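For reference, the structure is listed below as structure tokens.
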Amino acid sequence: MVLSSNGGDVYDWAKAVKEFDKAKSGVKGLVDAGVTELPRLFVHPAEHLQSNPMDPALQPQLPTIDFEGLQRGGEGRREVVEGIRKASEEWGFFRIINHGVPSETMDAMLEGVRRFHEQPAAEKMPLYSDDSRRRVRFNSNSALRENDSASWRDILTCVFNDDHIDPDLIPHACRQEVQEYVKQMIRLRETMAELMSEALGLPSDYLSNIECMKSEAMACLYYPVCPEPQKTLGTPKHSDTTFLTLLMQDAIGGLQILHGGQWVNVPPVPGALIANIGDLMQIISNDKFISVEHRVVAQPVGPRISVACFFSPSMSATAKPFGPIKELLSDENPAIYREFMFRDYCHYYKIKGQDVPSALPHYKI
Ligand code: OGA
Ligand code: NI
């Protein structure tokens, strides 16, 4: 214990992290233990907590892309592609409706995630780990650097390499649901790869051929009710590091994206999914598509459940160079980023810490 000059306790960050990790029961464990005050580890500095003074009803609305147009072919498809192009350039985020993922599969997945997180802590403890080599792991706030604030959520992560995972590794509480849901995500990924290739002005099979979205990491997030939501965050401000993210959120809300210098709410729409551009897509599109910062505010209600499916390159592509797509470059549009290996990119992310918000500047020419 660290003593202040008057003999009272002062906050010892390292000790707080150690104790929190030792319990292996995450934020849900704190809630179950009956905390009524936010533990100091979770208190964020005021500059993390700034919100938008604008009335939510007057905030700009996230674009919605209706995949129903794809059924009509021809002009319908062109409209969808044009909508994706505009939203990816201006927002980096869009909502998708009529995407073909059955609502039963989505609801079952949210319920499975809830079941996992609401099991007795002892069931989850063996999975508690920060080791990114583990295909399935449960944790809360991994990779904190000294004095970083923790956030009010727990995560179950399942990693599919080249679309594959050993099913026995997936916790029983949500095994079937995860397997069904990932099948739908893989199907939608194929559609997205075609549409985004076209939106970049490339042949439909371009992104699929470079295998940049062949693996998935699924983050099954659980944001417990927070006793003092105005002092912390559910997920701190970040941009996604991979190519594309497909996100499902339940009806609670709390997701915000940085648009036009302001935090804009992304209210839940039943049955909709959210797609967002990741840092790697911004790089290969040479800044045509943008990877935008977002966060989740903590709430006095909940739990909030969301599932983020992050798409990244095939394992066989780890030693292949990635960089701005040559076909997009010209004298007027020279490469902004240099080429790099995906494995070096992963390594850079591991070592850079939260203070460096994005890897993009590191790869600029
Ligand atoms: C993420 C993320 C948002 C959410 O996990 O990268 O942005 O709604 N999640 O949980
Ligand atoms: Ni994110």
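The values are calculated or read from the model by the stated rules, or taken from the named source; none is laboratory data. If you're wondering where the values come from, they're calculated on a predicted model, not measured in any experiment. For neighbour counting, all protein chains shown are included, and Cβ atoms are generated from backbone atoms with ideal geometry for every residue, glycine included. Areas reflect the complete protein model, heavy atoms only, side chains present, ligands, DNA and RNA absent. Shrake-Rupley method; radii C 1.70, N 1.55, O 1.52, S 1.80 Å.
Here are a few things to note about the model shown:
- Some residue of the range 278-300 being away from ligand 2 (no atom under 12 Å from the Cβ), open to solvent by 10 Å² or more (accessible area, probe 1.4 Å), among the charged types (D, E, K, R) and at pLDDT 95 or above: yes
- Verdict on V31 being in a helix (DSSP H, G or I), surrounded by 16 or more Cβ atoms within 10 Å (Cβ to Cβ) and either in contact with a strand residue (DSSP E or B) (Cβ under 9 Å, 6 or more places away or on another chain) or modelled with pLDDT under 95 (or both): no
- The residue pairs whose first member lies in the range 62-82 and is on the phi < 0 side of the Ramachandran plot, whose second member is open to solvent by 80 Å² or more (accessible area, probe 1.4 Å) and at pLDDT 95 or above, and whose beta carbons are closer than 6 Å, counting only pairs six or more residues apart or on different chains, are D66/N98; F67/N98; E68/N98; G69/E79.
- Within the range 111-126, being assigned to a helix (DSSP H, G or I) and open to solvent by 30 Å² or more (accessible area, probe 1.4 Å) holds for E111, R114, R115, A121, A122, E123, M125, P126.
- Of the residues making up the range 151-158, one or more are of a type in the set (G, A, S) and closer than 30 Å to A46 by Cβ.
- Of all residues in the range 112-122, one or more are more than 20 Å from the chain's Cα centre (by Cα) and of a type in the set (K, R).
- Matching residues in the range 272-310 - criterion: being assigned to a strand (DSSP E or B), closer than 28 Å to S330 by Cα and either β-branched (V, I, T) or more than 10 Å from ligand 1 (Cβ to nearest atom) (or both): I277
- Checklist (1) charged (D, E, K, R); (2) out of contact with any Gly (no Cβ under 8 Å at 6 or more places or on another chain); (3) closer than 23 Å to N209 by Cβ applied to R338, failing item: (2)
- Of residues in the range 199-249 being open to solvent by 10 Å² or more (accessible area, probe 1.4 Å), assigned to a helix (DSSP H, G or I) and under 17 Å from F342 (Cβ atoms), the one nearest to ligand 1 (Cβ to nearest atom): S208
- Matching residues in the range 34-55 - criterion: being open to solvent by 20 Å² or more (accessible area, probe 1.4 Å) and part of a helix (DSSP H, G or I): R40, A46, E47, H48
- Here S316 meets the list (1) assigned to a helix (DSSP H, G or I); (2) in contact with a Gly (Cβ under 9 Å, 6 or more places away or on another chain) almost entirely, failing just condition (2).
- Counted residues, the range 256-266 - those being under 27 Å from E104 (Cα atoms) and either open to solvent by less than 10 Å² (accessible area, probe 1.4 Å) or of a type in the set (G, A, S) (or both): 1
- The residues of the range 141-161 that are within 16 Å of ligand 2 (Cβ to nearest atom) and not in a strand (DSSP E or B), listed by number, are N141, S142, A143, S151, W152, R153.
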